[in-house]
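Data first, discussion second: the structure below is written as C-alpha coordinates.
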Amino acid sequence: MGKKVTVVGAGFYGSTTAQRLAEYDVFDTVVITDIVEGKPAGLALDLNQSRPVEGFETTIVGVTTGPNGEGYEAIEGSDVVVITAGLPRKPGMSRMDLLETNAKIVRQVAENVAKYAPNAVVIVVSNPLDEMTALAQLATQFPKNRVLGQAGMLDTARFTNFVAEALSVPVKSVRTLTLGSHGDTMVPVPSKSTVNGKPLRDVMPAEQIEELVVKTRNGGAEVVALLKTGSAYYAPSAAAARMAKAVAEDSGDVMPVCAWVDGEYGISGVYLGVEAEIGAQGVKRVVETDLDADEMAALKEAAEAVRAKQADISSL
Ligand SMILES: NC(=O)c1ccc[n+]([C@@H]2O[C@H](COP(=O)([O-])OP(=O)(O)OC[C@H]3O[C@@H](n4cnc5c(N)ncnc54)[C@H](O)[C@@H]3O)[C@@H](O)[C@H]2O)c1
(Lines give C-alpha, C1' and ligand atoms only; values in the text may rest on other atoms or scores of the structure.)
Protein backbone atom coordinates (compact mmCIF):
# COMPACT_ATOMS: atom_id res chain seq x y z
CA MET A 1 0.00 0.00 0.00
CA GLY A 2 1.09 3.54 -0.72
CA LYS A 3 2.46 5.62 2.08
CA LYS A 4 0.58 8.45 3.72
CA VAL A 5 1.94 11.30 5.81
CA THR A 6 0.03 14.00 7.66
CA VAL A 7 1.36 17.42 8.58
CA VAL A 8 -0.69 19.08 11.31
CA GLY A 9 -0.43 22.87 11.15
CA ALA A 10 -0.36 24.73 7.84
CA GLY A 11 1.81 27.64 8.94
CA PHE A 12 5.32 28.27 7.70
CA TYR A 13 6.82 25.10 9.17
CA GLY A 14 3.91 22.89 8.14
CA SER A 15 3.51 24.20 4.60
CA THR A 16 7.22 23.96 3.77
CA THR A 17 7.36 20.45 5.29
CA ALA A 18 4.37 19.38 3.17
CA GLN A 19 6.05 20.78 0.07
CA ARG A 20 9.31 18.92 0.73
CA LEU A 21 7.46 15.67 1.49
CA ALA A 22 5.43 15.95 -1.69
CA GLU A 23 8.48 16.73 -3.82
CA TYR A 24 10.29 13.61 -2.55
CA ASP A 25 7.59 11.68 -4.42
CA VAL A 26 7.76 8.73 -2.01
CA PHE A 27 4.29 9.16 -0.50
CA ASP A 28 0.93 8.50 -2.17
CA THR A 29 -0.67 11.22 -0.10
CA VAL A 30 0.39 14.19 1.96
CA VAL A 31 -2.42 15.49 4.18
CA ILE A 32 -2.05 18.99 5.60
CA THR A 33 -4.42 20.24 8.29
CA ASP A 34 -5.01 23.44 10.23
CA ILE A 35 -7.77 25.04 12.26
CA VAL A 36 -7.86 28.01 9.88
CA GLU A 37 -10.78 27.70 7.47
CA GLY A 38 -9.69 27.21 3.87
CA LYS A 39 -5.93 27.59 4.36
CA PRO A 40 -4.93 23.92 4.14
CA ALA A 41 -7.26 23.36 1.18
CA GLY A 42 -5.79 26.39 -0.57
CA LEU A 43 -2.22 25.22 0.03
CA ALA A 44 -3.13 21.74 -1.21
CA LEU A 45 -4.63 23.12 -4.42
CA ASP A 46 -1.57 25.22 -5.02
CA LEU A 47 0.89 22.39 -4.26
CA ASN A 48 -1.00 19.95 -6.50
CA GLN A 49 -0.73 22.44 -9.35
CA SER A 50 3.07 22.37 -8.98
CA ARG A 51 3.13 18.62 -9.71
CA PRO A 52 3.47 18.86 -13.50
CA VAL A 53 6.32 21.36 -13.17
CA GLU A 54 8.23 19.60 -10.41
CA GLY A 55 7.32 16.17 -11.76
CA PHE A 56 5.92 14.35 -8.75
CA GLU A 57 2.78 12.23 -8.39
CA THR A 58 2.09 12.59 -4.66
CA THR A 59 -1.36 14.03 -4.02
CA ILE A 60 -1.79 16.74 -1.41
CA VAL A 61 -5.03 16.96 0.55
CA GLY A 62 -5.83 19.99 2.72
CA VAL A 63 -8.33 19.77 5.57
CA THR A 64 -9.58 22.22 8.18
CA THR A 65 -10.10 20.56 11.56
CA GLY A 66 -12.51 21.60 14.31
CA PRO A 67 -12.17 21.83 18.10
CA ASN A 68 -13.91 18.48 18.62
CA GLY A 69 -11.83 16.56 16.14
CA GLU A 70 -13.97 17.37 13.11
CA GLY A 71 -12.06 16.62 9.91
CA TYR A 72 -9.54 14.26 11.51
CA GLU A 73 -10.95 11.29 9.53
CA ALA A 74 -8.69 12.59 6.75
CA ILE A 75 -5.58 11.47 8.63
CA GLU A 76 -6.73 7.84 8.95
CA GLY A 77 -4.10 5.36 7.79
CA SER A 78 -1.20 7.81 8.12
CA ASP A 79 2.18 6.13 8.51
CA VAL A 80 3.70 9.32 9.87
CA VAL A 81 2.21 12.45 11.46
CA VAL A 82 4.33 15.58 11.81
CA ILE A 83 2.93 17.95 14.45
CA THR A 84 3.82 21.58 13.67
CA ALA A 85 0.73 23.15 15.28
CA GLY A 86 1.49 25.89 17.77
CA LEU A 87 2.77 29.41 18.07
CA PRO A 88 6.31 30.30 16.99
CA ARG A 89 8.61 32.66 18.89
CA LYS A 90 8.68 36.41 18.40
CA PRO A 91 11.82 38.50 19.01
CA GLY A 92 12.92 38.40 22.66
CA MET A 93 10.92 35.27 23.47
CA SER A 94 12.47 32.01 24.63
CA ARG A 95 11.00 28.71 23.47
CA MET A 96 9.81 28.10 27.04
CA ASP A 97 7.54 31.19 26.79
CA LEU A 98 5.40 29.11 24.42
CA LEU A 99 4.92 26.26 26.90
CA GLU A 100 1.37 26.74 28.14
CA THR A 101 -0.21 27.88 24.89
CA ASN A 102 1.41 25.20 22.80
CA ALA A 103 0.78 22.46 25.37
CA LYS A 104 -2.97 22.94 24.95
CA ILE A 105 -2.66 22.79 21.18
CA VAL A 106 -0.30 19.79 21.09
CA ARG A 107 -2.39 17.84 23.60
CA GLN A 108 -5.55 18.35 21.55
CA VAL A 109 -3.79 17.41 18.32
CA ALA A 110 -2.10 14.35 19.86
CA GLU A 111 -5.38 13.02 21.27
CA ASN A 112 -6.92 13.18 17.81
CA VAL A 113 -3.88 11.57 16.23
CA ALA A 114 -4.17 8.69 18.71
CA LYS A 115 -7.84 8.27 17.79
CA TYR A 116 -7.60 8.54 14.03
CA ALA A 117 -4.07 7.33 13.22
CA PRO A 118 -3.31 4.87 16.02
CA ASN A 119 -0.45 3.20 14.15
CA ALA A 120 1.39 6.33 13.08
CA VAL A 121 4.88 7.41 14.02
CA VAL A 122 4.58 10.92 15.46
CA ILE A 123 7.27 13.51 14.81
CA VAL A 124 6.83 16.60 16.97
CA VAL A 125 8.33 19.96 16.04
CA SER A 126 6.21 22.39 18.10
CA ASN A 127 8.15 24.28 20.77
CA PRO A 128 9.38 23.98 23.42
CA LEU A 129 10.44 20.85 21.58
CA ASP A 130 11.60 18.46 24.29
CA GLU A 131 8.55 19.15 26.45
CA MET A 132 6.07 18.98 23.55
CA THR A 133 7.52 15.63 22.47
CA ALA A 134 7.07 14.23 25.98
CA LEU A 135 3.54 15.64 26.06
CA ALA A 136 2.62 14.09 22.71
CA GLN A 137 3.72 10.68 24.01
CA LEU A 138 1.67 11.17 27.15
CA ALA A 139 -1.42 12.27 25.23
CA THR A 140 -1.23 9.57 22.56
CA GLN A 141 -0.07 6.81 24.94
CA PHE A 142 1.88 5.46 21.94
CA PRO A 143 4.96 3.35 22.65
CA LYS A 144 7.83 5.76 23.31
CA ASN A 145 9.76 4.69 20.21
CA ARG A 146 6.84 5.84 18.05
CA VAL A 147 6.95 9.43 19.32
CA LEU A 148 10.04 11.51 18.61
CA GLY A 149 10.95 15.14 18.14
CA GLN A 150 12.87 17.17 15.60
CA ALA A 151 15.62 19.45 16.88
CA GLY A 152 19.02 17.79 16.61
CA MET A 153 19.01 17.53 12.82
CA LEU A 154 18.36 21.24 12.60
CA ASP A 155 20.90 22.25 15.25
CA THR A 156 23.47 19.96 13.64
CA ALA A 157 22.74 21.42 10.19
CA ARG A 158 23.26 24.91 11.58
CA PHE A 159 26.57 23.95 13.19
CA THR A 160 27.72 22.26 9.97
CA ASN A 161 26.73 25.26 7.88
CA PHE A 162 28.55 27.70 10.17
CA VAL A 163 31.73 25.59 10.09
CA ALA A 164 31.57 25.28 6.28
CA GLU A 165 31.05 29.03 5.90
CA ALA A 166 33.87 29.88 8.30
CA LEU A 167 36.33 27.63 6.47
CA SER A 168 34.96 28.29 2.95
CA VAL A 169 34.61 24.57 2.29
CA PRO A 170 31.65 22.63 0.84
CA VAL A 171 29.02 21.70 3.43
CA LYS A 172 29.45 18.10 2.26
CA SER A 173 33.00 18.01 3.62
CA VAL A 174 31.86 18.92 7.14
CA ARG A 175 30.34 16.67 9.77
CA THR A 176 29.16 17.97 13.11
CA LEU A 177 26.87 16.80 15.86
CA THR A 178 24.64 18.42 18.46
CA LEU A 179 22.94 16.56 21.28
CA GLY A 180 21.03 17.59 24.42
CA SER A 181 18.04 19.90 24.49
CA HIS A 182 16.64 22.23 21.84
CA GLY A 183 17.35 25.23 24.02
CA ASP A 184 19.83 26.57 26.51
CA THR A 185 21.29 23.15 27.23
CA MET A 186 21.97 22.24 23.62
CA VAL A 187 25.23 20.26 23.47
CA PRO A 188 27.27 20.80 20.29
CA VAL A 189 29.89 18.03 20.11
CA PRO A 190 33.18 19.29 18.64
CA SER A 191 34.93 15.99 19.47
CA LYS A 192 32.74 14.24 16.88
CA SER A 193 33.05 17.01 14.29
CA THR A 194 35.27 16.67 11.24
CA VAL A 195 36.27 18.52 8.08
CA ASN A 196 37.28 16.23 5.21
CA GLY A 197 37.65 13.51 7.82
CA LYS A 198 40.08 15.55 9.96
CA PRO A 199 39.08 16.46 13.51
CA LEU A 200 37.57 19.96 13.64
CA ARG A 201 39.92 20.76 16.50
CA ASP A 202 42.90 20.25 14.15
CA VAL A 203 41.64 22.68 11.53
CA MET A 204 40.05 25.42 13.64
CA PRO A 205 41.28 27.25 16.75
CA ALA A 206 39.44 26.44 19.97
CA GLU A 207 38.14 30.04 20.35
CA GLN A 208 36.60 29.95 16.88
CA ILE A 209 34.95 26.59 17.57
CA GLU A 210 33.50 28.06 20.75
CA GLU A 211 32.19 31.08 18.80
CA LEU A 212 30.43 28.77 16.34
CA VAL A 213 29.06 26.65 19.19
CA VAL A 214 27.50 29.78 20.68
CA LYS A 215 26.22 30.85 17.25
CA THR A 216 24.65 27.41 16.83
CA ARG A 217 22.98 27.59 20.23
CA ASN A 218 21.54 30.99 19.22
CA GLY A 219 20.85 29.94 15.62
CA GLY A 220 17.07 30.04 15.99
CA ALA A 221 17.02 33.33 17.88
CA GLU A 222 19.19 34.99 15.23
CA VAL A 223 16.60 34.15 12.55
CA VAL A 224 13.69 35.21 14.79
CA ALA A 225 15.34 38.61 15.43
CA LEU A 226 15.60 39.24 11.69
CA LEU A 227 12.20 37.90 10.62
CA LYS A 228 10.45 39.68 13.52
CA THR A 229 7.10 37.97 12.92
CA GLY A 230 7.97 34.31 13.43
CA SER A 231 10.71 31.72 13.43
CA ALA A 232 12.80 29.74 10.96
CA TYR A 233 11.23 27.19 8.66
CA TYR A 234 13.40 26.26 5.67
CA ALA A 235 16.09 24.42 7.63
CA PRO A 236 13.59 23.14 10.24
CA SER A 237 11.28 21.70 7.57
CA ALA A 238 14.21 20.10 5.75
CA ALA A 239 15.08 18.27 8.97
CA ALA A 240 11.55 17.11 9.82
CA ALA A 241 10.85 15.99 6.25
CA ARG A 242 14.05 13.87 6.20
CA MET A 243 12.95 12.19 9.42
CA ALA A 244 9.50 11.42 7.99
CA LYS A 245 11.12 10.02 4.85
CA ALA A 246 13.39 7.78 6.93
CA VAL A 247 10.29 6.39 8.67
CA ALA A 248 8.41 5.85 5.41
CA GLU A 249 11.37 4.09 3.82
CA ASP A 250 12.33 2.21 7.00
CA SER A 251 15.82 3.43 6.16
CA GLY A 252 17.63 2.81 9.45
CA ASP A 253 19.45 6.13 8.94
CA VAL A 254 21.14 7.45 12.07
CA MET A 255 20.03 10.98 12.87
CA PRO A 256 20.20 13.31 15.86
CA VAL A 257 16.61 13.42 17.17
CA CYS A 258 14.72 13.95 20.39
CA ALA A 259 14.14 10.37 21.59
CA TRP A 260 13.22 8.52 24.74
CA VAL A 261 16.43 7.61 26.53
CA ASP A 262 16.42 4.46 28.61
CA GLY A 263 19.86 3.78 30.05
CA GLU A 264 22.00 5.11 27.21
CA TYR A 265 24.82 7.37 28.46
CA GLY A 266 23.72 6.33 31.96
CA ILE A 267 20.61 8.51 31.50
CA SER A 268 17.07 7.17 31.85
CA GLY A 269 13.45 8.22 31.67
CA VAL A 270 13.61 11.41 29.64
CA TYR A 271 13.13 12.69 26.08
CA LEU A 272 16.53 14.02 25.05
CA GLY A 273 18.51 14.92 21.94
CA VAL A 274 20.56 11.86 20.99
CA GLU A 275 21.49 10.02 17.83
CA ALA A 276 19.08 7.28 16.85
CA GLU A 277 18.42 4.81 14.06
CA ILE A 278 15.12 5.75 12.41
CA GLY A 279 12.78 3.25 10.78
CA ALA A 280 9.15 2.27 10.22
CA GLN A 281 8.48 2.08 13.96
CA GLY A 282 10.17 5.40 14.71
CA VAL A 283 13.26 5.00 16.89
CA LYS A 284 14.78 1.58 16.27
CA ARG A 285 17.62 2.16 18.69
CA VAL A 286 19.43 5.02 20.38
CA VAL A 287 23.02 5.11 19.17
CA GLU A 288 25.61 6.01 21.79
CA THR A 289 28.78 7.74 20.74
CA ASP A 290 31.99 8.35 22.70
CA LEU A 291 31.95 11.79 24.24
CA ASP A 292 34.64 13.87 25.93
CA ALA A 293 34.23 14.24 29.67
CA ASP A 294 32.98 17.85 29.34
CA GLU A 295 30.52 16.91 26.57
CA MET A 296 29.25 14.00 28.68
CA ALA A 297 28.80 16.32 31.65
CA ALA A 298 26.90 18.80 29.46
CA LEU A 299 24.62 16.01 28.17
CA LYS A 300 23.83 14.90 31.72
CA GLU A 301 23.12 18.51 32.66
CA ALA A 302 20.79 18.83 29.66
CA ALA A 303 19.01 15.62 30.67
CA GLU A 304 18.38 16.91 34.19
CA ALA A 305 17.18 20.30 32.89
CA VAL A 306 14.65 18.76 30.50
CA ARG A 307 13.65 16.10 33.02
CA ALA A 308 12.65 18.82 35.47
CA LYS A 309 10.55 20.56 32.83
CA GLN A 310 9.05 17.37 31.41
CA ALA A 311 7.91 16.40 34.90
CA ASP A 312 5.47 19.32 34.86
CA ILE A 313 3.84 18.62 31.54
CA SER A 314 1.23 16.14 32.73
CA SER A 315 -0.54 19.05 34.42
CA LEU A 316 -0.64 21.13 31.22
N1 LIG B 1 11.73 21.98 16.55
C2 LIG B 1 12.30 22.94 15.83
O3 LIG B 1 13.46 22.84 15.49
C4 LIG B 1 11.49 24.13 15.42
C5 LIG B 1 12.01 25.04 14.49
C6 LIG B 1 11.21 26.10 14.08
C7 LIG B 1 9.93 26.25 14.59
N8 LIG B 1 9.47 25.36 15.50
C9 LIG B 1 8.11 25.46 16.07
O10 LIG B 1 7.16 24.98 15.13
C11 LIG B 1 5.87 25.55 15.41
C12 LIG B 1 5.24 26.09 14.13
O13 LIG B 1 6.01 27.15 13.60
P14 LIG B 1 5.50 27.96 12.33
O15 LIG B 1 6.59 28.85 11.92
O16 LIG B 1 4.89 27.05 11.34
O17 LIG B 1 4.31 28.83 12.99
P18 LIG B 1 3.02 29.44 12.24
O19 LIG B 1 2.40 30.41 13.15
O20 LIG B 1 3.41 29.88 10.87
O21 LIG B 1 2.07 28.18 12.06
C22 LIG B 1 1.47 27.50 13.13
C23 LIG B 1 0.13 26.97 12.60
O24 LIG B 1 -0.44 26.11 13.61
C25 LIG B 1 -1.85 26.25 13.45
N26 LIG B 1 -2.57 25.69 14.59
C27 LIG B 1 -2.79 26.24 15.82
N28 LIG B 1 -3.52 25.42 16.58
C29 LIG B 1 -3.78 24.30 15.83
C30 LIG B 1 -4.48 23.10 16.06
N31 LIG B 1 -5.08 22.86 17.23
N32 LIG B 1 -4.54 22.20 15.05
C33 LIG B 1 -3.94 22.42 13.88
N34 LIG B 1 -3.25 23.55 13.60
C35 LIG B 1 -3.18 24.48 14.57
C36 LIG B 1 -2.03 27.74 13.28
O37 LIG B 1 -3.32 28.05 12.77
C38 LIG B 1 -0.89 28.07 12.32
O39 LIG B 1 -1.30 28.01 10.96
C40 LIG B 1 6.13 26.61 16.50
O41 LIG B 1 5.79 26.11 17.77
C42 LIG B 1 7.63 26.86 16.40
O43 LIG B 1 8.17 27.33 17.61
C44 LIG B 1 10.22 24.31 15.91
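The values are calculated or read from the model by the stated rules, or taken from the named source; none is laboratory data. This structure is a prediction, so every number in the text was calculated from the model and none was measured. Note: ideal-geometry Cβ built from the backbone for every residue, glycine included; neighbour counts use all protein chains shown. Heavy atoms of the whole protein, side chains included, go into the accessibility calculation; ligands, DNA and RNA do not. Shrake-Rupley method; radii C 1.70, N 1.55, O 1.52, S 1.80 Å.
Taking the Cα centre of the chain as the origin, how large is its charge dipole in debye, to the nearest 20, when only Lys and Arg (+1) and Asp and Glu (-1) carry charge on their Cβ atoms?
Details: 29 positive and 40 negative charges, 59 e Å.
The calculated dipole for the chain is roughly 280 debye.
Just how large is the dipole of the stretch 136-274 about the Cα centre, in debye to the nearest 20, putting +1 at every Lys and Arg Cβ and -1 at every Asp and Glu Cβ? Display every interim value, and only then the final one.
Values: 13 positive and 13 negative charges, 46 e Å.
So the magnitude is around 220 debye.
Which of V287, L21, P205 sits farthest toward the positive end of the charge dipole of the chain, with +1 on the Cβ of Lys and Arg and -1 on the Cβ of Asp and Glu?
Of V287, L21, P205, it is L21.
Taking +1 at the Cβ of each Lys and Arg and -1 at the Cβ of each Asp and Glu, which of L299, A221, L154 sits farthest along the dipole of the chain towards its positive end, judged by Cα position relative to the Cα centre?
In the chain, that residue is A221.
Cα-Cα pairs above 23 Å in the stretch 130-235: how many percent?
Details: 1974 of 5565 pairs.
Of the Cα pairs, 35 percent sit more than 23 Å apart.
Can you tell me what share of the DSSP beta bridges in the chain is antiparallel? A percent to the nearest 5 is fine. Present the calculation step by step, with values, prior to reporting the outcome.
Values: 24 of 46 bridges.
Here the antiparallel bridges make up roughly 50 percent for the chain.
Taking the C-alpha atoms of the chain, how large are the radius of gyration and the largest Cα-Cα span, Dmax, in Å?
Reported Rg and Dmax, both Å: 18.8, 57.
With every protein chain present, what is the per residue accessible area of the chain (1.4 Å probe, Å²)?
Values: 13640 Å² over 316 residues.
Solvent-accessible surface per residue comes out at 43 Å².
With the crude spin-label approximation of a point 7 Å out along Cα→Cβ, what separation in nm comes out for D253 versus E54?
1.6
Quick one: length gained pulling V287 to K172 fully straight, 0.36 nm per residue minus the C-alpha distance?
Numbers: separation 115, 0.36 × 115 = 41.40 nm, distance 2.23 nm.
Additional length available on full extension: 39.2 nm.
Which residue, chosen from S193, V254, V31, occupies the Cα position most advanced towards the positive end of the dipole of the chain, where the dipole is computed from +1 (Lys, Arg) and -1 (Asp, Glu) charges on Cβ about the Cα centre?
After comparing all options, I get V31.
Relative contact order (percent) for the stretch 1-101, with alpha-carbon contacts under 8 angstrom and 6 or more residues of separation?
Values: 177 pairs, mean separation 33.5, N = 101.
Relative contact order comes out at 33 percent.
How fast does the stretch 152-313 diffuse by Stokes-Einstein, in µm²/s, taking the Kirkwood radius from C-alpha pairs at 37 °C and 0.692 mPa s?
Numbers: Rh = 16.3 Å.
Answer, rounded: 201 µm²/s.
Answer rounded, prolate or oblate for the stretch 219-292, using the Cα gyration tensor with square roots of eigenvalues a ≥ b ≥ c: rounded when a/c is under 1.5, else prolate when a/b is larger than b/c, else oblate.
Values: a/c = 2.71, a/b = 1.48, b/c = 1.83.
Because a/c hits 1.5 or more and a/b fails to exceed b/c, the stretch 219-292 counts as oblate.
Would you work out the charge dipole size for the stretch 60-132 about its Cα centre, treating the Cβ of every Lys and Arg as +1 and the Cβ of every Asp and Glu as -1, and quote it to the nearest 20 debye? Kindly include the intermediate steps, with their values, before the conclusion.
Details: 6 positive and 9 negative charges, 56 e Å.
Taking the Cα centre of the stretch 60-132 as origin, the dipole is about 280 debye.
Given a 1.4 Å probe and heavy atoms of the protein chains only, how would you sort E275, E37, E23, largest accessible area at the top?
Largest accessible area first, the residues go E37, E23, E275.
Between D312 and A225, what is the spin-label point distance in nm, taking each point 7 Å from the Cα along the Cα→C-beta axis?
2.6
First compute the accessible area of the chain with a 1.4 Å probe, then give the percent of it belonging to carbon and sulfur atoms.
Carbon and sulfur: 51 percent of the exposed surface of the chain.
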